[in-house]
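The structure appears right after this line, and notes come after that.
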Amino acid sequence: GAGVSQSPSNKVTEKGKDVELRCDPISGHTALYWYRQSLGQGLEFLIYFQGNSAPDKSGLPSDRFSAERTGGSVSTLTIQRTQQEDSAVYLCASSLSLRLADSPYEQYFGPGTRLTVT
Amino acid sequence: GQQVMQIPQYQHVQEGEDFTTYCNSSTTLSNIQWYKQRPGGHPVFLIQLVKSGEVKKQKRLTFQFGEAKKNSSLHITATQTTDVGTYFCAGPTVGGGSNYKLTFGKGTLLTVNP
């Protein structure tokens, strides 16, 4: 079946411009996560959606970052007034909801969007 | 806050040698997951361990979950060039009702010399 898809795969933008990154999760996955990965680094959690709600936005680096999810499916991560330090790969992952307390399902990652801010 | 630490950060081996990466959590975990990320790729789920002392095998890969459920290891026997990549462990974030979220280790980058 179809996996998680993200678009665009690459985005080059000028400092100060706004960008929108899109994520299409696996059908039926109610949980959706955004991560940021800088070159050679680990995964930095940004935001978590359960359905259309975002109960955890604790990882968003600043108020320039926002995200929404509509129809319990597609999610968009928006970065306003981009800065050079925003350059990274932005990964989206989806999963089924919690099966039991303290037992999250495995996450399925999309291919990511490589953002370069010049 | 909760920390998941992996060692080593990097490992270079000759093809055919064995490889092990270790994962240690500052808190007891209900389960642990392992992911592999090929160079230029995205993380791909490998396995989840749930039981204390659990050992699971996938071909040349052996995964272990410690008795205290605070550590885990991934061992690859007779590495191949296809094993190249970064291996991440991840556990449910403990506390604050954040168990939907995974805390990832920083990963171990494995390179294999053919």
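Accessible area per residue for chain B, computed on protein heavy atoms with a 1.4 Å probe, is 47 Å². Sparsely packed loop sites in the range B:1-73 (the trypsin sites (Lys or Arg not before Pro) outside DSSP H, G, I, E and B with at most 11 other Cβ atoms within 10 Å) comprise B:Lys51, B:Lys59. Place +1 on the Cβ of every Lys and Arg and -1 on the Cβ of every Asp and Glu in chain B, take the dipole about the Cα centre, and give the residue among B:Pro92, B:Asn113, B:Leu74 whose Cα lies farthest towards its positive end. Of B:Pro92, B:Asn113, B:Leu74, it is B:Pro92.
Of the cross-linked pairs B:Lys69/B:Lys106; A:Lys15/B:Lys101; A:Lys57/B:Lys101; B:Lys51/B:Lys101, those separated by over 22 Å at the C-alpha level are A:Lys15/B:Lys101.
For the protein assembly as shown, the Cβ-based charge dipole about the Cα centre amounts to some 160 debye (Lys, Arg positive; Asp, Glu negative; other atoms uncharged).
Let's test the formula: R0 of 22 Å, r as the Cβ-Cβ distance of A:Glu85 and A:Arg22. What FRET efficiency results, to the nearest 0.05? FRET efficiency, A:Glu85 to A:Arg22: 0.50.
Spin-label model, B:Thr62/A:Thr13: points 7 Å from Cα along the beta carbon direction are separated by 4.8 nm. Taking Cα pairs under 8 Å and at least six residues apart, what relative contact order does the range A:18-118 come out at, in percent? RCO, the range A:18-118: 32 percent.
Contact order for the range A:34-92, expressed relative to its length and based on alpha carbon pairs under 8 Å spaced 6+ residues apart, stands at 36 percent. For the chain pair B and A, buried accessible area totals roughly 1700 Å², probe 1.4 Å, rounded to the nearest 100. A loss of 20 Å² or more of accessible area (1.4 Å probe, protein heavy atoms, ligands and nucleic acids excluded) relative to the isolated chain is seen in these residues of the range A:40-73: A:Gly42, A:Leu43, A:Phe45, A:Tyr48, A:Asp56. Here the average projected area of the convex hull drawn through the C-alpha atoms of the range B:4-113 stands at 6.4 nm². Rolling a 1.4 Å probe across the protein heavy atoms gives the range A:1-51 an accessible surface of 50 Å² per residue. Spin-label pair A:Asn52-A:Ser38: with each label point 7 Å from Cα along the Cα-Cβ axis, the two points sit 3.6 nm from one another. Sparsely packed loop sites in the range B:1-61 (the GluC sites (Glu not before Pro) outside DSSP H, G, I, E and B with at most 15 other Cβ atoms within 10 Å) comprise B:Glu15, B:Glu17. For the range A:5-111, the direction-averaged projected area of the alpha-carbon convex hull comes to 6.7 nm².
The fraction of accessible area contributed by carbon and sulfur in the protein assembly as shown is 49 percent, rounded to a whole number (1.4 Å probe; ligands and nucleic acids excluded).
Placing dummy labels 7 Å off each Cα toward the beta-carbon, the span from B:Glu17 to A:Val74 is 4.9 nm. Each Cα pair under 8 Å and six or more residues apart adds its sequence gap; the mean of these over the residue count of the range B:4-113 is a relative contact order of 37 percent. For the range A:1-22 versus the range B:1-56, the inter-centroid distance based on Cα atoms is 29 Å.
The values are calculated or read from the model by the stated rules, or taken from the named source; none is laboratory data. Quantities reported herein were computed from a predicted structural model and do not represent experimental measurements. Virtual Cβ from ideal backbone geometry, glycine too; neighbours counted across all protein chains shown. Just the protein is used for accessible areas: all its heavy atoms, side chains included, with ligands, DNA and RNA removed. Shrake-Rupley method; radii C 1.70, N 1.55, O 1.52, S 1.80 Å.
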